[in-house]
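The values are calculated or read from the model by the stated rules, or taken from the named source; none is laboratory data. Since the model is a prediction, treat every value here as computed from it, not as a measurement. Because the Cβ atoms are built from the backbone with ideal geometry, glycine has one as well, and the counts that use them run over all protein chains shown.
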Amino acid sequence: MSGVVVGFSVILGIIGVGYLLGRTGALGTSGEQVLARLVFLVATPAMLFHTLAHADVSVVFSPGLVVAAGSASLAALVYFVLARAWLRRRVAESIIGALAASYVNSVNLGLPIAVYVLGDATVIAPLLLFQVVFLGPIALGILEITLRQPHHQRSLAGIFMAPLRNPILIGAALGMLVALSGISVPEIIDQPIELIGGMAVPGALIAFGISLHGTRALRRGTSPRRDVLLASTIKVLAQPLLAWLIGAWMLGLEGESRLVVVVRAALPTAQNVFVFASWYGRGVVLARDSAIVTTVLSVPVIAACVLLA
């Protein structure tokens, strides 16, 4: 329980700094947009490259990867189908909502909880790998194709190349190639990348905090409440349940191993989704409100998982 408290205290504290910056106007009227662009274009690609380049491949490719991939994929798919068929949302908004329903806060909240609750920071690696190498690239690739290329100009080559221009996908792909090849990155290159990547998590949280000034979650007429409710329900309830079903029934995980995959899935929506939404200008309020709601709701869910284990 102390790990849960520490993890949530860290994230809320940094968001609070962003809120104060927004309230005082210290970064000007375009501070949020500039910070979000810096995180998207520079800091996050650097962080992903450094994290994956130094990842232990044997730890990453474990049964936990199967659970992370299955539960997140199913959660995203369920939201996307319901958003298109029931809520009648466009593809781009449905993709952002699907990320809000499945993309886990694996770094700034996941790592503290992994250390203080689960006792091992490496248990977060399989989830991080799936999100940055598969879930994120697929979603961003669809957004690139949908929003960057007019329908009449799309070609097979253009559809294939569009995701390859995304800096986040490039950083993740290069990092994974380094890990698989066993190459050691020279220190003179690795250290600057690590320092730049260190901006990603606090930068995303501060940008998120700035966006909260002058706004209120689930505000009538502004927030897509049905979308947020659907995404939040899938994220904090359905995804952990799916992780439990896949881990316990399909893979036979028991005890601590089962607790690990369920707690990981119960983590709230990552602030990266808000950064993605801001960059593409789609589903920004949905991403913001989903992150707020799931952060609040995931506290009792994670606590219940730990107490019932």
Give the residue, chosen from Ala231, Ala204, Ala248, that is in contact with a helix residue (DSSP H, G or I) (Cβ under 6 Å, 6 or more places away or on another chain) and farther than 26 Å from Ser290 by Cβ. Ala248
Check Val60, Val42, Val66, Val78 and return the single one that is of a type in the set (A, V, I, L, M), surrounded by fewer than 24 Cβ atoms within 10 Å (Cβ to Cβ) and modelled with pLDDT under 85. Val60
Show me the helices (runs of 4 or more DSSP H) found entirely inside the stretch 4-72 where at least 1 residues are out of contact with any Pro (no Cβ under 9 Å at 6 or more places or on another chain) and over 30 Å from Glu254 (Cα atoms). 31-38, 44-53
Here are some conditions: (1) surrounded by 15 or more Cβ atoms within 10 Å (Cβ to Cβ); (2) at positive phi. Arg37 meets all but one. Which one does it not meet? (2)
Is at least one residue of the stretch 191-210 over 20 Å from Pro126 (Cα atoms), free of Cβ contacts under 8 Å to residues at least 60 places away in the same chain and outside any helix (DSSP H, G or I)? no
So for the stretch 210-224 (the condition being at pLDDT below 90, of a type in the set (Gly, Ala, Ser), crowded, with 22+ Cβ neighbours inside 10 Å and within 17 Å of the chain's Cα centre (by Cα)), does at least one residue qualify? no
Checking the conditions here, which among Ser184, Ser257 is exposed (fewer than 14 other Cβ atoms within 10 Å of the Cβ) and under 20 Å from Val60 (Cα atoms)? Ser184
Among (1) more than 22 Å from Glu194 (Cβ to Cβ); (2) within 20 Å of the chain's Cα centre (by Cα), where does Ala46 come up short? (1)
Just give me the residues in the stretch 236-264 being basic (Lys, Arg) and either at pLDDT below 90 or under 20 Å from Ala100 (Cα atoms) (or both), in sequence order. Arg264
Filter the stretch 1-27 down to the residues that are closer than 20 Å to Gly214 by Cβ and either at pLDDT below 90 or buried (at least 16 other Cβ atoms within 10 Å of the Cβ) (or both) and list them by number. Leu12, Ile14, Ile15, Gly18, Tyr19, Leu21, Gly22, Leu27
Matching residues, the stretch 222-259, being closer than 18 Å to Val306 by Cα and among the acidic types (Asp, Glu): Glu254, Glu256
Take Val201 and decide whether it is touching an Asp or Glu at 6+ places or on another chain (Cβ under 7 Å), of a type in the set (Val, Ile, Thr) and either surrounded by 20 or more Cβ atoms within 10 Å (Cβ to Cβ) or at pLDDT below 95 (or both). no
Does at least one position in the stretch 299-308 carry a residue that is at pLDDT 90 or above and closer than 21 Å to Ala72 by Cβ? yes
